[in-house]
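All remarks here apply to the structure that follows.
Values in this text are rule-based calculations from the coordinates and carry no lab data. Small disclaimer: the values here were computed from a predicted structure and weren't measured. Positions of Cβ are generated from backbone atoms using ideal geometry, with glycine treated the same way; all protein chains shown enter the neighbour counts.
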Amino acid sequence: MALRNVRFTVFHKGSPVVITLKPGQRIDIQEYCRTDEGYDSSRERYAYSECGQFLYCEFDSAASDCDGPLYRSSESVCEPWADDSRNEYGGFNNWERVSYSQHDVFAEQMGY
């Protein structure tokens, strides 16, 4: 039996975007912008497992403003729904966060 593609919805720039992946496929969504105090950048990587059982998300961000550099990263996983027609956007899956880290450079230097 052929493995199914998976459809899921993410929010990009405030709007829902439906993504379809084949088993073993991945997609990267990157964004960078200058701000009045520095910059803000992010990367989301979505990957659908070869076996078609799990959907993975890695998120990394880096930003800098008057409070200094801030780095965040997380990893999440979910099981794709068998029925991807649960709503008009193709389904909002229940993501389970596996890991999260944050590195606030100036706060750590000050002992916070």
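Here are the numbers for this structure:
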item: Relative contact order [Cα under 8 Å, 6+ residues apart], the chain, whole percent; result: 22
item: Extreme residue, positive dipole direction of segment 6-109, given options VAL77, GLY14, GLN53 (C-beta unit charges); result: GLN53
item: Cα centre as origin, Lys/Arg/Asp/Glu Cβ charges: segment 7-68 dipole, Debye; result: 540
item: Computed [θ] at 222 nm, helices only, for the chain once each DSSP H run of length n ≥ 4 contributes -39500 (n - 2.57); result: -1000 deg cm²/dmol
item: Spin-label zone in segment 18-60 - amide nitrogen under 19 Å from a point set 7 Å from the Cα of ASN5 along the C-beta vector; result: 18-29, 46-56
item: The chain, dipole about Cα centre (Lys/Arg Cβ +1, Asp/Glu Cβ -1), debye to the nearest 20; result: 560
item: Option label - log10 I(q)/I(0) by the Debye sum over Cα atoms at q = 0.10 Å⁻¹ computed here, alternatives [x] -0.38; [y] -0.55; [z] -0.27; result: [x]
item: Over segment 4-59: Kirkwood hydrodynamic radius from C-alpha pairwise inverse distances, Å; result: 12.5
